[in-house]
Every structure is written in C-alpha cells, then in structure tokens.
Amino acid sequence: MSLHYKSTRNSELKVTASEAILKGLAPDGGLFVPEEIPKLDVSMEQLKSMSYQEIAYEVMKLFLADFTEGELKGCIEKAYDSKFDTEEIASLVKVSDTYYLELFHGATIAFKDMALSILPHLLTTSAKKNHVENKIVILTATSGDTGKAAMAGFADVEGTQIIVFYPKNGVSKVQELQMVTQKGSNVDVVAIHGNFDNAQSGVKAMFENKELAEELAGKGYQFSSANSINIGRLVPQVVYYVYAYAKLLENEELANGEELQVVVPTGNFGNILAAYYAKQMGVPIGKLICASNENKVLFDFFQTGTYDKNREFVLTTSPSMDILISSNLERLIYVIAGEDSDKTKELMEALKKDGTYTVSEDMKAKLSDFAAGYATEDETAEQIHDVYDKTGYVMDTHTAVASYVCSRYEQSEKTGKKYLIASTASPYKFVKSVMTAIDAKYAEEDEFALLPKLQELSQVGMPQAIKDILDANVLHNIECDVDQMEETVKQILNR
Ligand SMILES: *Cc1c(COP(=O)(O)O)cnc(C)c1O
C-alpha cells in the first residue's frame, strides 16, 4: 500500500506525495503530513557503509511513494553533487565530546541548501507526473537566507522560473551581494522599498489573487512555493539525521542501538521536526532538544503548554531564528492531538485570531520526546568565544545557540549521553557577529575585511560562496515600491 498525505486540518483529504509537493499548502490552510511515518526497511548495519546519496534514496523512497526509483535517484543525483564542497555532503566534526553535523557545505553555506538543492527537481518531477504543462513560477519573500538558497537551487532548472523579493535595507551586505550576483537565465531578484513583512504580504497576496492566476495560466505559468512548509523540503531533511547516526556507528563513536541526543537551533520548526521523523523511522535518538534565541516562543510552549506570539519581536545575531510563528509546529500539534484535525484547526484558528493557544494536559504529556532551552545574546556570544578558546572550533551564531543549550542541558540533567548538534550555517556567513564574539576589538571593522581574519583564526578555508561574491558581477538591479510587486512580476514574465 502506498503512503498518502493528509491535511492537518482535514483528515479526509488525501493526496499523493507528488501532489502534496506541487500544492505546498493544503487547500484548507493545513499542512500535509504522511498518513504514518514509515519505518526504515534497511538495518543501521547496512546504512553504515552507504554514501549520503544512497541513504537519501533509502529514506526518501519511503516518504515519496509515488516516485519511481529512476525518478527519485535522478533527483538525488542532480541535487547532491559538486555544488557541495565535501563529498560527504554533510560533515561530522567532533569537538570535545560533542558532534557537530555541519549542514552548510552547499552552494549558499546555510542548511537551507540541504533541502533547496533537491526541491526544484522534486517539483519538476511532480509536475511531470501530474501532467502539469505550465512553467512553474516560484515566488519567495526573503529576509536573507532562504532567497539565495532558493535562487541557487532553481537556477537553470528547466520548466521553472524564480522571483525573489527582499527588503532593500533589511538584509546584510553579504546576503544582498549573494542574491544580486546569482547567475541563471530563470532567476530574478527584486529589492522592494519596504520591510520583510511587506515583501511577505505582497507575495501572499499574489498567491491568493485568482485573476492574476488566470491571466498567467493563459500565458502558460502557474505559481508555486519553496516555503519550508512544503513536504518536499521536510523529507530531504530527515536524511541527514539517519546519515549522521549511521556514520557515527561506522566510526565507532556510538555502539549499536546507543541513544543519541539531538539539539537543533530552531526557527520555523522544520529542522527539528525532521529529526523527530527520523526518530520515528527507527533511528535511536533520545531527546530532541529545541534551542531558541531570545525569541523564545517555543521554549515557553514546551515549558507551559501555551503558545503565545503576543510579545516583543527581538532582532538578534541569529536572524534566521527570529520567528514568532513557527509554522511547522502545526504538524507536531496534530500528532499530540491524536491526529484530530478539528482540534488542530481550532488551535490554529485561535493562533491566527488571538495570537495564542494552550494545549490540554493530555496533549502536553505527549511532548516527552522533546526538551527545550534558549540562549540570550550574551550567552550566544560567550559560547562562540569559549568553544573557540578551548578547542579552536569556530561556529556561527545559530549553531552557538544550540551549543549553549546543549551544554546547559547536560549540566543540569547529567544523562552521560552523547549529543549531536545541527550546525546550520558557516561562520563566514555571519562573520561580523562571530568575530566580535571572539574578540570585541573586531566590532569596528568592515565585514569584508574580517573574512581573511576569520580564515586565519579558524584554519578553515574560505568557502567558494564567499569567494564568488568578492569578485562576481552584479546581475540584478530591479527595485520597486511595495504596491508595484504584481506589476513587476508581470513585466518579468512578459520579457
Ligand atoms: C532556517 C535556519 C534555521 C531554523 O531552521 P527551522 O527549520 O526554520 O527551524 C536555523 N539556522 C539557520 C542558519 C537557518 O538558516
């Protein structure tokens, strides 16, 4: 029997994996979830000797049941190739007694590459399978990381076109340069005269605009989303947790069946949910530890059972975790509600209306696979500094949040277990905050001047992604006002 997907807000609605990938969001506003989490059908012993690509196939074939072997292997081959600067695709680094799973060896040196390098292929394959003839136009609003990773992933992928909107003065220098220098005949990026919320609302309005959809369909286009709620982004993320466990076993860092604790720096709750799925597939994972920065809405939720986004939004040095609505949490809520889609819908509607909801004691009791912690700005900087001082390992600000939470957790719980930290960005991407944490004297220096200094200090070569932007040509210069976004999209598509 092949695995189908249902909506968290309507269990009656069932679609295939490829339909779920094409749709992104369920029509009722819910998220697609697999009817059940499949169990691995190969042993850890067998997985031990496999490559990343082989493990990717073993994991993803179980979730993407309507993909043929040839289709799925084709997608994997095109995604996990020399775009990554290591053959391992994801590297494991042991620092003191903790393992860092470096998920930033792809084209844009952040973990979004792990999923966004395969999503375009999953999407075009899904389109073919479902006889969609239109060109798929990806619209994305970005506060920095997702936009570039999506552009790099979709660049020159046949049958697709991508348009990214970012706030003109709302992203870092490195991030802006990364985007405006992106090559590819099907990519465009537009700086809007507004903030991220304006960009996000503008994109959402276009998705919901039926007249626009009709007009574009007449010209052979349809919109789709590369947003992190697409199961085409979630499923590829399960792979690296299976891979990490298998490799730790191969390297004799773990004994057969030994529990591994996993700590994930969390924003939209996608990455840690993937780890939860890996655990349910049969990977011996102990606690899943959710690490937040000062926007600790998730920490409070795990502590109290109340999710409350009505609070001050804090701009931190780990911006990809500056989120007050963690969309993927809905998938966990659905699980702890006993797959009750009415209950899930009720809570999500309360979140939309009042910005808050509280789960029942029964539901809260089902969260025991999870633990949570957070790091303040000072604690994050201190962690970067201390780990560098003791070991020479330099980590980025997001990873440092998880690293701090990990140390604190073991100090208080004394489990004696081993820990895996999801390392989500290269320190080069957040060079200013990282260098300043190591030594305050760098606070006054220019971001670009600090790059060679980071290389000297970390003894880790400058990633290609950074070298690229230092001498690449600016290829994109479109700007527009917030109320001109739709017009701009039409102009780009009519070229
Ligand atoms: C997106 C991102 C995160 C948060 O991941 P979620 O899946 O949204 O929880 C953490 N760190 C970095 C560097 C990111 O880009």
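Considering the options 260, 179, 226, tell which one lies farthest towards the positive end of the dipole of the chain, charges being +1 on Lys and Arg and -1 on Asp and Glu at the Cβ, about the Cα centre.
So the residue furthest toward the plus end is 226.
Given 241, 209, 195, which one lies farthest toward the positive end of the charge dipole of segment 118-255, if we put +1 on the Cβ of every Lys and Arg and -1 on the Cβ of every Asp and Glu?
Of the listed residues, the answer is 209.
In deg cm²/dmol, rounded to 500, what helix-only [θ] at 222 nm does the chain give when every DSSP H run of at least 4 residues adds -39500 (n - 2.57) and the total is split over its residues? Provide the component values of the computation, followed by the final result.
On the way: 22 runs with 227 residues, N = 495.
Helix contribution divided over all residues of the chain: -13500 deg cm²/dmol.
If you place +1 on the Cβ of every Lys and Arg, -1 on the Cβ of every Asp and Glu, and leave all else neutral, what size is the dipole of segment 349-446 about its Cα centre, to the nearest 20 Debye? Walk me through the numbers on the way to the answer.
Values: 12 positive and 18 negative charges, 92 e Å.
In debye, rounded to 20, segment 349-446 gives about 440.
Beyond 21 Å, what share of the Cα-Cα pairs of segment 392-495 is found? Please give it as a whole percent. Display every interim value, and only then the final one.
On the way: 3035 of 5356 pairs.
Everything past 21 Å amounts to 57 percent.
Using 1/(1 + (r/R0)^6) with R0 = 45 angstrom and r between the beta carbons of residue 494 and residue 456, what's the FRET efficiency to the nearest 0.05? Walk me through the intermediate numbers first.
Values: r = 49 Å, r/R0 = 1.10.
With a Förster radius of 45 Å, E is 0.35.
Give me the three principal axis extents of the chain from the C-alpha atoms, as integers in angstrom, largest value leading.
Projected onto its principal axes, the Cα set of the chain covers 62, 55, 47 Å.
Given q = 0.11, 0.18, 0.26 Å⁻¹, what are the Debye log10 I(q)/I(0) values for segment 319-409, with equal point scatterers placed on the Cα positions and solvent ignored?
Those come out to -0.47, -0.87, -1.25, one per q.
Going highest first, how would you order 326-333, 201-208 by mean Cβ packing within 10 Å?
On the way: 326-333: 22.0, 201-208: 16.0.
Ranked from most to least packed, the peptides come out as 326-333, 201-208.
What's the percent breakdown of Cα-Cα distances in segment 179-316 across 5 Å bins, shortest bin first?
2, 8, 11, 13, 15, 14, 12, 11, 8, 4, 2, 1
Quick one: divide the alpha-carbon radius of gyration of segment 11-105 by 2.2 N^0.38 Å and tell me what you get.
Normalised by 2.2 N^0.38 Å, the Cα Rg of segment 11-105 equals 1.32.
Taking Cα centroids, how far is segment 42-75 from segment 404-458 in Å?
Segment 42-75 and segment 404-458 have Cα centres separated by 33 Å.
Can you compute the charge dipole magnitude of segment 247-306 about its Cα centre, using +1 on each Lys and Arg Cβ and -1 on each Asp and Glu Cβ, nothing else charged? Give it in debye, rounded to the nearest 20. The partial results should precede the final answer.
Working: 4 positive and 7 negative charges, 51 e Å.
Dipole about the Cα centre, nearest 20: 240 debye.
Looking at segment 92-210, send over the antiparallel percent of its DSSP beta bridges, to the nearest 5.
Expressed as a percentage, antiparallel bridges in segment 92-210 total about 25.
Compute, for the chain, the length of the dipole vector about the Cα centre, with Cβ point charges of +1 (Lys, Arg) and -1 (Asp, Glu) only. Units Debye, rounded to 20.
Roughly 580 debye for the chain.
Rounded to whole Å and sorted largest first, what semi-axes of the equivalent ellipsoid does the C-alpha gyration tensor of segment 367-408 yield via the square root of 5 times each eigenvalue?
21, 10, 8
Quickly work out the residue 362-to-residue 312 label distance, labels modelled 7 Å from Cα along the C-beta direction, and quote it in nm with one decimal.
In this crude label model, residue 312 to residue 362 measures out at 3.9 nm.
Compute the separation of the alpha-carbon centres of segment 231-290 and segment 100-126 and state it in Å as a whole number.
17 Å
Could you tell me which residue out of 463, 409, 140 lies farthest along the dipole of the chain toward its positive end? Charges go on the beta carbon: Lys and Arg +1, Asp and Glu -1, centred on the Cα centre.
It is 140, whose Cα lies furthest towards the positive end.
Can you give me the distance in nm between label points at residue 169 and residue 185, each placed 7 Å from the Cα along the Cα-to-Cβ direction?
My value for the distance between the label points is 3.8 nm.
Express as a percent, rounded to the nearest 5, the fraction of DSSP beta bridges in the chain (both residues included) that run antiparallel.
Values: 16 of 54 bridges.
Just about 30 percent of them are antiparallel.
How big is segment 154-252 by Rg and Dmax over its Cα atoms, in Å?
Using the Cα atoms of segment 154-252, the pair Rg, Dmax is 18.0, 59 Å.
Any read-out appearing in this document is the output of simple, stated calculations on the displayed coordinates, not a laboratory observation. Everything numeric in this text was worked out from a predicted model, so none of it was measured. We place every Cβ from the backbone using ideal geometry, glycine too, and count neighbours over all the protein chains shown.
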